[in-house]
Each structure stands twice: as structure tokens, then as C-alpha cells.
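Colleague: Questions regarding the structure given below will be posed in turn.
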Amino acid sequence: MGQLITDWIGTEGVLKKLSCQYRGMDRPDQDIIVKGKVTKKYLKNGEHWVELDVWTENPTGEKTTLGTAAVVLPHKSRIC
């Protein structure tokens, strides 16, 4: 999940918070998909903050890890 977020925010974005809960078993021989969704966008102290829900899914679509994150994006970002 951390890699998904840091790849998405790029080198100018800052990952401020990431938390997760493991709810299922991910096996080494399975393809795991990581997904995310923007849940909130706002300005705080002149910075563009974005909150996210993130999760992993196993091949059957079961969510095995649930998480949340908060990032600060550069001012030129199209998300804010």
C-alpha cells in the first residue's frame, strides 16, 4: 500500500499518515491487487491535503488488508 501511495503522489508529494489492518491471508503464490479511493480533499495551513481509503484484494476479490492514508500534494496537482 505504501508503494501505491508514494508512486501516486510522486516525488513532490508527502505521505503524512498510513495505517492498515490485516483482515485476511495473502499467499506468496497469489496475485494481490492494491486499490485506493480519495475520500476527502481540503486545504490545511496552505497545503493541499488528500485523505484516502486503501486496500488489498486477493484473486477472489476478498479485501485482505484495509487502510487509510493522508498525503500532501503539490499545489499544481489536478486532484486538489
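Throughout, read-outs are computed from the coordinates displayed, never taken from laboratory work. Being a predicted model, the structure only gives us computed values, none of them experimental. Cβ sites come from the backbone with ideal geometry, for glycine too, and all protein chains shown count toward neighbours.
Colleague: Could you name every one of the strands (runs of 3 or more DSSP E) located completely within the chain that has at least 2 residues being more than 16 Å from the chain's Cα centre (by Cα) and loosely packed, with under 15 Cβ neighbours inside 10 Å? Break it down stepwise before answering.
Modeller: Working: elements: 14-22, 33-44, 47-57, 63-73.
Answer list for the chain: 33-44.
So that you can scan it fast, the table gives a plain yes or no per residue for (1) of a type in the set (Lys, Arg); (2) touching a residue at least 40 places away in the same chain (Cβ under 8 Å):
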residue: Thr6; (1), (2): no, no
residue: Gly13; (1), (2): no, yes
residue: Gly24; (1), (2): no, yes
residue: Arg27; (1), (2): yes, no
residue: Ile32; (1), (2): no, no
residue: Thr39; (1), (2): no, no
residue: Tyr42; (1), (2): no, no
residue: Asn45; (1), (2): no, no
residue: Val50; (1), (2): no, no
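Colleague: Go through region 22-80 and give me each residue that's more than 16 Å from Leu4 (Cβ to Cβ) and among the acidic types (Asp, Glu).
Modeller: Asp29, Glu47, Glu62
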